[in-house]
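The values are calculated or read from the model by the stated rules, or taken from the named source; none is laboratory data. From a predicted model like this one, the values you see are computed outputs, not experimental measurements. Note: ideal-geometry Cβ built from the backbone for every residue, glycine included; neighbour counts use all protein chains shown.
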Amino acid sequence: MAEIVSTFILVSIGCGAAMGVHADPGVYYLAVALAFGMSVLIIAYGPGNISGGHANPAVSLGVYLHGGLTTKELFTYWASQVCGSTLAALFLYGVFYGVGIPDATGAVATSGLAGVNGNVFAGLAVEAVFTCLFVLSVLGATEAKYKHGSAAGLVIAFSLSAVIFGGIALSSASYNPARSLGPAIVAAFAGDLSGLASVWVFIVGPLLGGALAAFLFNWLSKEDVAEEA
């Protein structure tokens, strides 16, 4: 339940900003990056106290490969995150389309590849690299031996905003399979299948990035331990 709530918070605030901001690209990018980043603060100091507040299958995969979750927990987290994202997308669809509020994204904030001219490989690369950077910050901020403590939530929030700034003009800056899948499902039921056509990029790319981050962090941690010994 904590992961359902966490992902609902992330998607409803972040995608809500994307759908609601009608402005020039600079203002739009700023609003969306800050909305997603600041939503992490609500998660970190709210439901995150119970589940860790991953709200992202790529983060959960990184934590799992770092030894922080069992296989059963990993799949439970993934299912909960997709559920939370879908509920948030349904909520946003009901509010925006139910009362006729213009949707700035045109499709319930589904992720797309327009920024990379539809190039799948470029989209995968952007999603994988920036997800890797984000998950590295999550693993580093929450590693007990480095004693970041209560500041971890703030670090992760600004890290998410940073990577969104870096890639939002390219790949929609999802970095989160659940965030992309939930809106794509809701948009498809509403008759717009465009999001489902490329959603696999926003599933595979972030999961690759999360796995790479875990590999790098595990390797760097072992080197750190070896030097201390």
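Quick notes on this structure:
- Selected residue (criterion: nearest to the chain's Cα centre (by Cα)) from residues of region 135-149 that are free of Cβ contacts under 8 Å to residues at least 60 places away in the same chain and assigned to a helix (DSSP H, G or I): S137
- Filtered by the rule that a residue be part of a helix (DSSP H, G or I), of a type in the set (V, I, T) and more than 19 Å from P177 (Cβ to Cβ), region 71-104 gives a lone residue, V95.
- Some residue of region 163-186 being at pLDDT below 95, closer than 24 Å to I4 by Cα, not acidic (D, E) and not in a loop (DSSP other than H, G, I, E, B): no
- A23 vs. criteria buried (at least 21 other Cβ atoms within 10 Å of the Cβ), aliphatic (A, V, I, L, M) and part of a loop (DSSP other than H, G, I, E, B): no
- Of V155, V126, all but one fail to be over 17 Å from A18 (Cα atoms), crowded, with 24+ Cβ neighbours inside 10 Å and either under 15 Å from the mean Cα position of the chain (by Cα) or not basic (K, R) (or both); the exception is V126.
- Per-region count, region 181-211, residues crowded, with 19+ Cβ neighbours inside 10 Å and not small (G, A, S): 11
- Restricting attention to region 105-117 and to residues that are closer than 12 Å to S198 by Cβ and touching a residue at least 60 places away in the same chain (Cβ under 8 Å), the residue that is surrounded by the fewest Cβ atoms within 10 Å (Cβ to Cβ) turns out to be A107.
- When I101 is tested against the conditions (1) of a type outside the set (S, T, Y); (2) touching a Gly at 6+ places or on another chain (Cβ under 8 Å); (3) crowded, with 24+ Cβ neighbours inside 10 Å, the lone failure is (3).
- Region 143-162, subset modelled with pLDDT under 95 and hydroxyl-bearing (S, T, Y), residue farthest from Y28 (Cα to Cα): Y146
- If you check A17, A23, A31 for being modelled with pLDDT under 95, at negative phi and among the aliphatic types (A, V, I, L, M), only one passes: A23.
Rundown of residues vs (1) under 14 Å from the mean Cα position of the chain (by Cα); (2) in a loop (DSSP other than H, G, I, E, B), yes/no style:
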position: A33; (1), (2): yes, no
position: I42; (1), (2): no, no
position: A55; (1), (2): yes, yes
position: V59; (1), (2): yes, no
position: L69; (1), (2): no, yes
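- Of all the numbered requirements in (1) in a helix (DSSP H, G or I); (2) on the phi > 0 side of the Ramachandran plot; (3) not charged (D, E, K, R), G118 misses one, and that requirement is (1).
- Y77 vs. criteria surrounded by fewer than 16 Cβ atoms within 10 Å (Cβ to Cβ), within 21 Å of V186 (Cα to Cα), at pLDDT 95 or above and aromatic (F, W, Y): no
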